[in-house]
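Asks: Sharing a structure here in structure tokens format.
The values are calculated or read from the model by the stated rules, or taken from the named source; none is laboratory data. Nothing here was measured: the structure is a model prediction, and the numbers come from that model. In this analysis, Cβ positions are derived from the backbone assuming ideal geometry, glycine residues included, and neighbour counts consider all displayed protein chains. Accessible surface areas use protein heavy atoms only, side chains included; no ligands, DNA or RNA. Shrake-Rupley method; radii C 1.70, N 1.55, O 1.52, S 1.80 Å.
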Amino acid sequence: GVLESIGRPVSLCGHSLGGKVAMLTALQRPDLVARLCVADIAPVRYEMEANRAIIEALLAVPETALGDRKEVDSALAASETAIAQGGGGLGNPFVRGFLLQSLQPETRSWRLNLRALLGSYEALRGFPAPAGSRAEMPALFIGGANGGMLQPKHLPACEALFPNARLEMVATGHFVHSEAPATFVELVDRFCADG
């Protein structure tokens, strides 16, 4: 795999679902991970019904509209999901802009395999750590203090799997890395330089 080809342990960072992948990689192959950085997700089960509704709304956009970003944005903003979520989720232009990065207008499709995500949704809500697994590398968890998914109450779950974990909270929502990029980069750079 990619990590093996580097030839030495790496600093591995992931956000949200990518954070779950990074944590599982660190637990299953600690020999490949020198430092772990996880942005706004914890190794716990989340309710996340709003995210299921977002996936369903993306799937509901007519294929004819997928060739035009503005048309897709308008369809998402007017969706029942956006209305129900108010200023959050699809009601937030920032979230729609983030999702629209995955739109491929030239092929009228999404980069994401939305049907696979929806079909695996129950499994994705949880965290499938093998019983008794632990990884001793330094681990930095960065949470969004203003409604992000990683909150101080999750630190014990992080420490149970990653005993050398520490938590930093940033005054953002879920998208810590794009809502406060300078702060995020500073935290990650300092963490990686500590080794």
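Asks: Considering Cα pairs under 8 angstrom that are at least six residues apart, work out the relative contact order of segment 1-156 and quote it in whole percent. Before the final figure, lay out the partial values.
Replies: Working: 208 pairs, mean separation 45.2, N = 156.
About 29 percent, as a whole number.
Asks: What do you reckon, how do VAL21, VAL38 stack up by accessible area (1.4 Å probe), largest on top? Before the final figure, lay out each step's value.
Replies: Numbers: VAL21 85, VAL38 0 Å².
These residues rank, largest area first, as VAL21, VAL38.
Asks: If I stretch the segment between VAL44 and ARG134 completely, what's the gain in nm (0.36 nm per residue apart, minus their alpha carbon distance), one decimal?
Replies: That pair, VAL44 and ARG134, stretches by 30.9 nm at full extension.
Asks: Sticking with this one: By DSSP, what percent of the beta bridges with both residues in segment 87-195 are antiparallel, rounded to the nearest 5? Walk me through the intermediate numbers first.
Replies: Details: 2 of 8 bridges.
Here the share of antiparallel DSSP bridges comes out near 25 percent.
Asks: With runs of 4+ DSSP H residues as the only contributors, calculate the mean residue ellipticity of the chain at 222 nm using -39,500 (n - 2.57) per run, divided by the residue total and rounded to the nearest 500.
Replies: On the way: 11 runs with 87 residues, N = 195.
Rounded to the nearest 500, it is -12000 deg cm²/dmol.
Asks: Could you tell me what percent of the DSSP beta bridges with both partners in segment 6-120 are antiparallel, to the nearest 5? If you can, show how the numbers build up before the last one.
Replies: Details: 2 of 8 bridges.
Roughly 25 percent of the beta bridges in segment 6-120 run antiparallel, per DSSP.
Asks: For the chain, give me the percentage of DSSP beta bridges that are antiparallel, rounded to the nearest 5 percent. Walk me through the intermediate numbers first.
Replies: Numbers: 2 of 18 bridges.
Looking only at bridges with both residues in the chain, the antiparallel portion is about 10 percent.
Asks: Keeping every protein chain present and rolling a 1.4 Å probe, give me the accessible area per residue for the chain in Å². Intermediate values should be presented prior to the final figure.
Replies: Values: 9890 Å² over 195 residues.
Each residue of the chain exposes 51 Å² on average to a 1.4 Å probe.
Asks: Run the lone-cysteine check on the chain: no other Cys C-beta under 4.7 Å from the residue's C-beta.
Replies: That list is CYS158, CYS192.
Asks: Could I get the Rg over Rh figure for segment 54-164? Both from C-alpha atoms, Rh via Kirkwood, rounded to two places. Working shown, then result.
Replies: Values: Rg = 17.8 Å, Rh = 16.5 Å.
Reported Rg/Rh (Cα atoms, Kirkwood Rh): 1.08.
Asks: Rank PHE141, PHE98, PHE162 by mean-square fluctuation in a GNM of the chain with C-alpha springs under 10 angstrom and give only the top-ranked residue.
Replies: Of the options given, PHE98 has the highest mean-square fluctuation.
Asks: GNM on the chain, C-alpha springs below 10 Å: top fluctuator among GLU106, GLU56, GLU47?
Replies: GLU106
Asks: Using a 1.4 Å probe over the heavy atoms of the protein chains, calculate the carbon and sulfur portion of the accessible area of segment 102-172 as a whole percent. Don't skip to the end; give the middle numbers.
Replies: Working: 1940 of 3610 Å².
Answer for segment 102-172 is 54 percent, counting heavy atoms of protein chains only.
Asks: Roughly how many percent of the accessible protein surface of segment 1-83 is carbon and sulfur, given a 1.4 Å probe and a whole-percent answer? Each step should come with its number before you reach the end.
Replies: On the way: 2310 of 4140 Å².
The nonpolar share, carbon plus sulfur, comes to 56 percent.
Asks: Beyond 21 Å, what share of the Cα-Cα pairs of the chain is found? Please give it as a whole percent. Each step should come with its number before you reach the end.
Replies: On the way: 10600 of 18915 pairs.
It works out to 56 percent of all Cα pairs.
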